[in-house]
Each structure stands twice: as C-alpha cells, then as structure tokens.
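Below you'll find the structure, written out as structure tokens, and then a few comments.
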Amino acid sequence: MKTKINRLIAILCILIICFPSAIPAQADTSDQEDTTIAYYTVTITEYPESPEYPETCAARTTYTKTASKVISYKNASGTTMWELTINATFKYTGTSSTCTAASAYTTNCDSHWKASVTSCTRNGNNATANATGKRYSSGTVVETVSRGGTLSCSKYGVIS
C-alpha cells in the first residue's frame, strides 16, 4: 500500500514538473483595481466679489460674481478617478442674472482614467459643461462614461 502511494505521489510530481500549464494560474489582478465610478461629490467655490466697484446703469446696480464647481467622480472606496471643473462669471442685479463667461477642464486623478471636456456653454444664468471619461485596462478602453454639470447664479447672486 505504501508503495502505491509513493508511486502516485511520484507520478503527480512528474506531471506537475512536465506540465505546469495544467495547474490553474492565479489571475493577474494588478490591473483590476476598483476603478469603476460609484458616486460623485460637488464642491462650489465663490471668489470674492467687488461690490465697491459695481457697474451702475440708471437706477440699477450690477454686481459681478465668479465661481467654480468641481465635480469629483469617485470609486466605491472614495478614491477620486477624475474631476470636471466648471468656471463661470456672472452679472446679477437683484432682478436678473446672466452668465458672461464660462470655461471648463478635467483633471485625471487615477492612471486608469483619461477624461476630456466635450462641451462648455453658457445660456442665461447657467454655465454647463460636459465631459467624457475613458477607463483603460492594459492600454484598451474598457469603459466610457459621459458626465456633466451646471453652475448657476440666481438674480440675487446665489451660486448653485
């Protein structure tokens, strides 16, 4: 009986040495990190306005306000994959507001993601930007997402 077990072990060792591909290899997970977007956060920053230098037209005073909105796209662990930043300048009077300038850019925060702005427009009191993010694995695009956001100013200068 002991001889049969020794022979069986010897045969298995020879098979393992001669045919290593028959043993299932452990999957390479180095490029399979948690890189899928799970949620996003929004940060709005208002820059100091200059009320001491308002534009006055007849009885109406026009104020200017500049702000930015950063939308951070994150994975389930909370790591930021990429960000879309919208910058805008608004004029407001208390009875109306208008977006006078808008720009946008993306920031790639994870090596698997490459994002770029696809459009940036201003309409009325809104600045809107859209971006496309592409997730790469081993140099190949495995996911494409389109995201966007709007930065607004109320007639009273409230940024949202």
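The values are calculated or read from the model by the stated rules, or taken from the named source; none is laboratory data. Since this is a predicted model, take the numbers as computed values, not measurements. Note that each Cβ is placed from the backbone with ideal geometry, even for glycine, and that neighbours are counted across all protein chains shown.
Descriptive notes on the structure:
- Figure legend. Inter-residue proximity from region 31-46: first residues modelled with pLDDT under 85 and assigned to a loop (DSSP other than H, G, I, E, B), second residues among the small types (Gly, Ala, Ser) and surrounded by 12 or more Cβ atoms within 10 Å (Cβ to Cβ), beta-carbon distance below 9 Å, spacing 6+ or different chains. Indicated pairs: Asp31/Ser137; Gln32/Ser137; Thr35/Ser137; Ile37/Gly133.
- Residues in region 56-75 that are more than 18 Å from Ser154 (Cα to Cα) and modelled with pLDDT under 90: Thr56, Cys57, Ala58, Ala59, Asn75.
- Only strands (runs of 3 or more DSSP E) whose full extent lies in region 95-155 are considered here, and the ones with at least 3 residues that are farther than 26 Å from Asn75 by Cα are 97-108, 113-123.
- Test for Ala88: is it of a type outside the set (D, E, K, R) and under 25 Å from Tyr47 (Cβ atoms): yes
- Condition check for Glu143: surrounded by 14 or more Cβ atoms within 10 Å (Cβ to Cβ), of a type in the set (Asp, Glu) and modelled with pLDDT of 95 or more: no
- Yes/no for Ser116 being loosely packed, with under 14 Cβ neighbours inside 10 Å and modelled with pLDDT under 95: no
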